[in-house]
Amino acid sequence: MRCSQRAALPLLASFSLAFLATFSSRAPAQAIGLPQLSAETQECVDCHKKQHRGIYQQWGESKHYRANVGCYECHAADKGDSDAHEHYDQTIATIVSPKDCARCHSREVAEFEASHHAKAGRILGSLDNVLAEVVEGNRGMVTPAFPNGVSAAAVNGCWQCHGTQVNVLAGGKLDPATYPNSGIGRLNPDGSEGSCNACHVRHSFSAAQARHPDTCGKCHLGPDHPQKEIYEESKHGISFFAKIDQMNLESSKWIVGEDYWAAPTCATCHMSATKDQQVTHDIGMRISWNNRPVQSVRPETADAKMGLPGANVPWQVRRENMNNVCIACHTEGWTEGFYTQYDALVELYN
């Protein structure tokens, strides 16, 4: 080391110490979140650690824990809320809705609310729901909200994926036919639509779990929506399960082609980050056909029927968004050839 460099070290050290002392006197040493657990959450934790240790452990492995975001920050309610109830001198609500999550995750919730996922609960009362409520079911399940009975097939079948209207009973209790329910289009007491924990399972809210195709498979499987089975039999799915240890699912940024390249998952293509795109919670922004109707339609047409802002996003833009995912692993010629085949098949089926 040069003499001038050695001489500069004590000066640099004293400057650094002075800077740190000044900074630490102004602000707590934290990157994001709250400086410490709130007194209300600490009281919750002291009890749940004894009574519901699994919940406590799930929360303890979450990023919420590291950010000092706990029970009270998510479950706190106003006394005027329809589902509010008193719990050990605190006013809380059982359901944490997207509106609650939006206090911290505003962009994610705004994207989600604009998606078809958030509107899945609108199946209630439609012809699609007749299968469970009438054909397969009866009115044998009687609850306070359904004194004339409701079909257990609908409650345990369609509603668990699509969501249901959560009915609030006296004292903020929830009707057992409508809760527990984590359907992705759940109609919540606060007027919001959707359930974040359909994918980000409470109370760990693991991103790695949300990225795994099995999470999507909770709903996207079976004869009427066989996406999970199709994925598993594809080269994408075969590669994923053969090389799952190379998927780096715990990565914070998880950019395809950069943090992993062994295979894509459902999240990779429909939601997750690329070198040019950030994560999106509107799963329709990368699809160029809506294959759900009897005859496939362009997604902006389907969005317009549901009054979604995606009505203003043409399919060509969405296809380019998806193509940007594909070229992380494939050549432009490969993706162009695939889309030529796909379009021809859709036109034939139509």
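Details
- Assessment of the range 265-277 against the conditions (surrounded by fewer than 19 Cβ atoms within 10 Å (Cβ to Cβ), within 22 Å of ASP343 (Cα to Cα), at pLDDT 95 or above and basic (Lys, Arg)) yields no matching residue.
- Here the range 269-307 is the region considered, the condition is being over 18 Å from the mean Cα position of the chain (by Cα) and basic (Lys, Arg), and the residue that is farthest from GLN227 (Cα to Cα) is LYS275.
- Among the residues of the range 73-109, those identified as hydroxyl-bearing (Ser, Thr, Tyr) and farther than 30 Å from SER272 by Cα are SER82, TYR88, THR91.
- Boolean, VAL109 is within 18 Å of the chain's Cα centre (by Cα), hydrophobic (A, V, I, L, M, F, W, C) and buried (at least 18 other Cβ atoms within 10 Å of the Cβ): yes
- Residues (of a type in the set (Lys, Arg) and modelled with pLDDT under 95) located in the range 80-102: none
- Elements of type helices (runs of 4 or more DSSP H) in the range 188-293, at least 1 residues being under 19 Å from ARG319 (Cβ atoms): 227-233, 235-242, 266-270
- Against the list (1) assigned to a helix (DSSP H, G or I); (2) buried (at least 17 other Cβ atoms within 10 Å of the Cβ); (3) not aromatic (Phe, Trp, Tyr), the condition GLY171 fails is (2).
- Of all residues in the range 161-172, those satisfying the criterion of being out of contact with any helix residue (DSSP H, G or I) (no Cβ under 8 Å at 6 or more places or on another chain) and at pLDDT 95 or above are VAL166, ASN167, VAL168, LEU169.
- Pairs, first closer than 15 Å to CYS104 by Cα in the range 50-79, second in a helix (DSSP H, G or I) and of a type in the set (Phe, Trp, Tyr), C-beta under 8 Å, six or more apart: TYR65/TRP59; GLY70/TRP59; CYS71/TRP59
- Residue in the range 227-237 that is in contact (Cβ under 8 Å) with a residue 24 or more places away in the chain and more than 28 Å from ALA120 (Cα to Cα) present: no
- The residues listed here are TRP261, TRP315, TRP254, TRP289; of these, the one that is touching a helix residue (DSSP H, G or I) at 6+ places or on another chain (Cβ under 9 Å) and at positive phi is TRP254.
- Of everything listed in (1) surrounded by 18 or more Cβ atoms within 10 Å (Cβ to Cβ); (2) closer than 25 Å to GLU113 by Cβ; (3) over 21 Å from the mean Cα position of the chain (by Cα), the single unmet condition for GLY310 is (3).
- Any hit, the range 297-318, residues being of a type outside the set (Ser, Thr, Tyr), assigned to a helix (DSSP H, G or I) and farther than 30 Å from CYS101 by Cβ: yes
- Listed by first and then second residue, the pairs with beta-carbon distance under 6 Å, at least 6 apart or on different chains, first residue in the range 332-343 and within 17 Å of CYS269 (Cβ to Cβ), second surrounded by 13 or more Cβ atoms within 10 Å (Cβ to Cβ), are THR335/ASN323; THR335/CYS326.
- Those strands (runs of 3 or more DSSP E) lying entirely in the range 40-149 with at least 2 residues assigned by TED's automatic domain parsing to the domain that holds PRO309: none
The values are calculated or read from the model by the stated rules, or taken from the named source; none is laboratory data. Keep in mind that what you see is a predicted model, and the values were worked out from it rather than measured. Heads up, the Cβs are rebuilt from the backbone with ideal geometry, glycines too, and the neighbour counts pull from every protein chain shown.
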